[in-house]
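Scroll down for the structure; my scribbles are underneath it.
Read-outs: derived from the displayed coordinates by stated rules, not from any lab. Treat the numbers as computed from the prediction; the structure is a model and nothing was measured. All Cβ positions, even for glycine, are placed from backbone atoms using ideal geometry, and neighbour counts span all protein chains on display.
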Amino acid sequence: MKSRDTNAVKEFYEKTAKDYDKEYEEPYWKLYQEITWRNIRLFLPKGKGAVILDAGGGTGCWTIKLAKLGYRVVLTDISENMLKVAEEKIGKKKLQGKIETRIVDIRDMSCFKSNLFDMALAEGDPVSYCLDPEKAVKELTRVVKPNAHVIVSVDSKYSLIPRLIAERSFNELSRLLREGIMKSTDRSIEAELEFQAFTPEEVKALFENCGLRLVRMIGKPVLTHFVPSEKRNEIVGENFKRILDLETKFCDTPSLVGMGGHLEAVGIKQGTEKHKRS
């Protein structure tokens with residue numbers, strides 16, 4: 001990824017940091033977050049003294065949840081403003097003693113020694129937006145201990161195809177299918193970013209190439225994603241628990257995963273032990 005692209009990512013999140021959390025207050029995105037959290041909880045380290053890396057963790061959503069459970073967390077992001085928002089939230093929760101924040105590029109975490117963390121997260125799609133997914137996942141693999149879990153969320157390629165067809169954006173669709181690259185536009189700040197989307201097969205290959213054994217993959221969400229966007233929040237808000245239970249039941253069904261709005265993959269470093277779910 002070229003430096004100008006890095007600057008574009010930084011600029012985007014510096015501008016959106018203050019209002020970044022607002023979108024996740026909508027019922028649909030609350031559903032997305034709860035599906036994510038249910039998955040993360042399955043793979044948490046047993047010892048509460050464990051140290052977890054929240055890479056590209058932005059405003060600290062998962063960092064705060066993990067610290068509340070007693071874990072020590074290192075929160076990194078490429079955007080100083082995103083971390084400032086996180087630090088304000090951390091201060092209000094009085095969790096400063098359990099959390100360290102650092103400005104770090106997910107593709108180069110040389111500030112951390114190898115085999116340091118008991119778990120690593122990359123939620124909110126930093127692996128997609130860095131446009132160098134292999135570097136990012138190799139770094140995530142390097143910094144965790146052997147047999148530790150790495151959880152990565154990325155944009156889903158298949159889920160974007162119907163949208164591009166509906167928009168008659170066939171040139172962009174051709175590029176998506178050929179390169180996996182698509183543009184994301186935020187008209188409110190006149191910003192445009194490129195990101196990389198993946199199929200489940202591509203994520204599996206990425207993990208294997210980076211030294212991770214895939215142990216679980218989910219789509220989030222896999223069902224509600226197909227509800228017309230103008231109706232989603234109302235329907236989810238009125239039926240949250242029912243829909244969450246359905247999404248949880250089907251999120252890892254192989255025939256549905258690829259059509260999820262996002263893909264979330266869980267890998268284990270060098271380990272051969274089968275993970276036991278609680």
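A few points about this structure:
- Its residues counted as N, region 1-111 yields a C-alpha radius of gyration over 2.2 N^0.38 Å of 1.09.
- Antiparallel %, DSSP beta bridges [both residues in the chain], to 5: 55
- Using distinct alpha-carbon pairs, which all enter the 1/r mean, Kirkwood radius of region 38-185 in Å: 16.4
- Overall form of the chain per C-alpha gyration tensor (a/c, 1.5; a/b vs b/c): rounded
- Length added when fully stretched, GLU167-GLU201, from 0.36 nm per residue minus Cα-Cα: 9.6 nm
- Positive dipole terminus of region 68-148, leading residue within SER128, ASN115, GLY97 (C-beta point charges): GLY97
- Total charge dipole magnitude, the chain, about the Cα centre, Cβ charges on Lys, Arg, Asp, Glu only, Debye to nearest 20: 1240
- Rounded Å value of the spacing that divides the Cα centres of region 209-262 and region 41-68: 22
- Based on the Kirkwood approach, the hydrodynamic radius assigned to region 98-221 is 15.8 Å, with every pair of different Cα atoms included.
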